[in-house]
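What follows is one structure encoded as structure tokens, with my remarks underneath.
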Amino acid sequence: MRVVAVRCIWLACLLIAAAAHAESPVPSSLEAWRGWVMHGLDYRACPLIAGRSGSSENEYLCAWPGTLSLSADASGASIVQHWRVDVDSWVPLPGDTENWPQQVTVDGQPAVVVNHQGPALRLAVGSHEIRARLPWHERPQTLRVPSAIGLVTLSVDGKPVIPVQRDDNEVTLGRAITSTPEADSIELRVYRRINDGIPAQLSTVIAMHVSGQAREEIIGPVLPEGFLPLALHGAWPARLDGDGRLRIRVQPGDDTLTLDARAIAPLTTVTAHLPAAPWPAQEIWSYASNPRLRISTATAAVQVDPKDAGSPAAWSSLPAFALVDAATLTIDERSRGAATDERNRLTLAREMWLDFDGAGWFARDRVRGTLLRDWRLDAALPFTLERADALGESVGRGNEALLVTQGVAGPNLSGVEWRTPAVDLAAGLRIVPASAVLPIAGWQASFDGVSTTLHLPNGYKLLGAPGADRAAGSWIETWNLLNVFICAVLVLLAWRLFGPLGALPALIYVVLGFQEHGAPFWSLLLVIALALVVRALPVGRFARVAEWLRRGALGLLVLATLPFVADQVRFALHPQLENEGGFAFDDLGFAGRAAPPAPEPRAAPAPPPAEAKMQAQGGAMRARAADSAAEEKDNLETIEVTGSNIRRVDIETSSPTVTIDRESIEQPSSVAPIRRQQIDRYSQSTVVQTGAGEPGWQLGHRYQLSWSGPVSPAQTVRLLIAPPWLVRSLRLVLCGVLAWLIL
């Protein structure tokens, strides 16, 4: 019995899934079970309302109402309305308990009205015409009309009322308008865009200008031959029938309807077949090629300027053509595959931390851009990829950990698979050993731009970075033309004052101390200049004044030198104190506390440390990214309509019927996302690497390196970094040279 029950449940699930598609075939061996499985689930054959899950009967639209014609007089009101019913359903009628419909007929036959959330009829499958009479002794001010009935025409005492005044479920039976109503008219402009792909996509934009009263218009067929509908978007309720004609509940004003479709065969030519009026005499077609798949161009007899033709702004850069009835758009294929000039468009933002012992680096990378080929990102030795995360919209939601695998070219490569064009990758890399020459990017990909922030521990200094376009903060970068000129003036004055032996210490001082914070430079220059003036002046009053000025400047120099020398000795003995600042003089000789350098903004937002990741994810994490190919297939099988109801169409159906509706024209649009099937990227047993502990300290020295690109994987940069023993020695030499100059 247990086996029989399991089989019955399996058969029931299979038939329920098959019933979701009207055209899905059922095996002959299961056909006898159809009635049993579908008992009470007939509504599943109806169009599914856009964005609903289909779990209940209320999420399907089984009855499509036509225009309600309401004629009121002193004794009552006559109603006439057409309904299309896909499954036996309840349809509401106007009226309430005080004004109950009488003399009700369906297709000319008497029908029984019951109270089903108000007056209602039970109708069978098909198209029906309902007629009824609402008698009253005194005409009410308002009449209840269910919100499911969107279009209403009203006449009072034989005169039309335009526009119909409606507040939710109440229609006002006001006075008739004696003036001549505006004539019904509709003006259409049609724009189409072909997106080359597999399959090719066709977007049809129908711009409508409507005058007159609210009504239902039938236009089309709206799609050319060789295309199947996918999605329908618009503010006004619309329905695409199986014959390709479009039913729209229009009202005075303007609206735009967008219909997406796909080609059922590879495109070489497309022929425009224009329907009858009100369809325009010509359509504007645009063509968007896809260089990733093939190099192709479109040609037609009449080419137009898309801006002058009124094409949507997003299509203004595409070639546009005006097609009349039977005109042909030809697509010429020049070559298959991606173009030779098409390449990945990536940028790299990196932060690098040098180990305190100088043995290696840790890099935190952020790779962004567009990937057009290869579909893998690999790092080569000495770079070793320890962790990788897909961020933001590249995975359709929050961060997702990626599995790091060995590259196909050998054990020297480590990287991740990437299967979407949009790239937003955060990675942690280890670089061992800390060689002076390193690849600029380390990735086996070309970058349009690279920016790197170097974090060096206290005691280290970056002298230069040959191979970088710019190395802000390095020793070489500071020497611009103005600084060289000023230092040359000081050395020249020292030459004139002390001779060649005196110029050498001055040269050593400016080379080592010009960039040091708080180093006395202007005061030293002033003392040397005054000394030269004193030596040049003859004995007399001016010479004595210059001498006193020289002695005063020398005193200021001594006062500025003492705290500077103290800090240099302290930093030489204890480099870790550099970021605490020190007591130093500024260039004019005024004392003050020297503040540590302000932190610079980061080149890119860094992902959370690995410790936090491991705590949040645990030892074994599962990636939950949806496979993009499966999502694209789901998109082709599902039709979406903004603010309307819609029917789900199987892409294999040769003549699908798309249905959309809203409860009433006055109701605002609403968008409900359609649930998509998600497939795990990795199996449950896959362990995704989280990497080792990642540094994040901001002490020490910080330098900005940048390259404008393109940067190839073979390009390298040489980092000239002074080790702590050399920096300490130079600090002591600087103090000795400055003391000799003062003495």
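The values are calculated or read from the model by the stated rules, or taken from the named source; none is laboratory data. Everything quoted here is computed from the prediction, not taken from an experiment. Neighbour counts run over all protein chains shown; Cβ positions are idealised from the backbone, glycine included. Surface accessibility is based on the protein's heavy atoms, side chains included, excluding ligands, DNA and RNA. Shrake-Rupley method; radii C 1.70, N 1.55, O 1.52, S 1.80 Å.
Rounded to the nearest 10 square angstrom, Thr686 shows an accessible area of 30 square angstrom against a 1.4 Å probe.
Computed extension gain for Glu138 through Ala313, at 0.36 nm per residue and net of the alpha carbon distance, reaches 57.4 nm.
Within the accessible surface of segment 290-369, defined with a 1.4 Å probe on protein heavy atoms only, the carbon and sulfur portion equals 50 percent. Applying 0.36 nm per residue to the separation of His116 and Ala281 and subtracting their alpha-carbon distance, the gain on full extension is 54.6 nm.
The simple Förster model, with R0 at 41 Å and r as the Cβ-Cβ distance, assigns Ala148 and Asp448 a FRET efficiency of 0.15. Please give the Cα centre distance for segment 477-504 versus segment 62-84, rounded to the nearest Å. Rounded to whole Å, the Cα centres lie 100 Å apart.
In this view, the solvent-accessible surface of Val324, computed with a 1.4 Å probe and all protein chains in place, comes to about 70 Å². Taking amide H positions as modeled 1.01 Å from N, with prolines and chain starts lacking one, the residues under 5 Å from Leu151 and 5 or more places away or on another chain are Leu68. The stretch between Leu501 and Arg345 holds 50.5 nm of extra length on full extension. This uses 0.36 nm per residue minus the Cα-Cα distance. Taken along the Cα-to-beta-carbon direction at a fixed 7 Å, the label points for Ser729 and Leu559 span 3.7 nm. Take the Cα of His574, step 7 Å toward its Cβ, do the same at Ala436, and the gap between the two points is 3.3 nm. Say R0 is 51 Å: what FRET efficiency, to the nearest 0.05, do Ser685 and Lys159 get from their beta-carbon distance? E(calc), rounded to 0.05, equals 0.10. Using the Cβ of Arg192 as centre and a radius below 15 Å, the other residues enclosed give a net charge of -2, where K and R count +1 and D and E count -1. Couplings 3J(HN,Hα) for segment 519-529, derived from phi with the Karplus relation 6.51 cos²θ - 1.76 cosθ + 1.60 (θ = phi - 60°), are 5, x, 10, 5, 5, 5, 4, 5, 5, 5, 5 Hz, where x marks Gly and Pro.
Near Ala326: Cβ cut-off under 14 Å, other residues only, Lys/Arg at +1 and Asp/Glu at -1. The net charge is -3.
Going 7 Å from the Cα of Trp697 in the Cα-to-Cβ direction, what parts of segment 354-373 have a backbone nitrogen less than 11 Å from that spot? Under 11 Å, as judged by backbone N against the label point of Trp697, lie 354-358 of segment 354-373. Reported to the nearest whole Å, the Cα centre-to-centre distance from segment 106-157 to segment 286-309 is 52. Note on Glu217: accessible area approximately 40 square angstrom, rounded to 10, probe 1.4 Å, nucleic acids and ligands left out.
Only alpha carbons enter this Debye calculation for segment 443-484, each as an equal point scatterer, and the log10 of I(q)/I(0) it gives at q = 0.22, 0.35 Å⁻¹ is -0.87, -1.29.
Principal axis extents of the Cα atoms in segment 315-450, from largest to smallest and rounded to whole angstrom, are 77, 31, 25.
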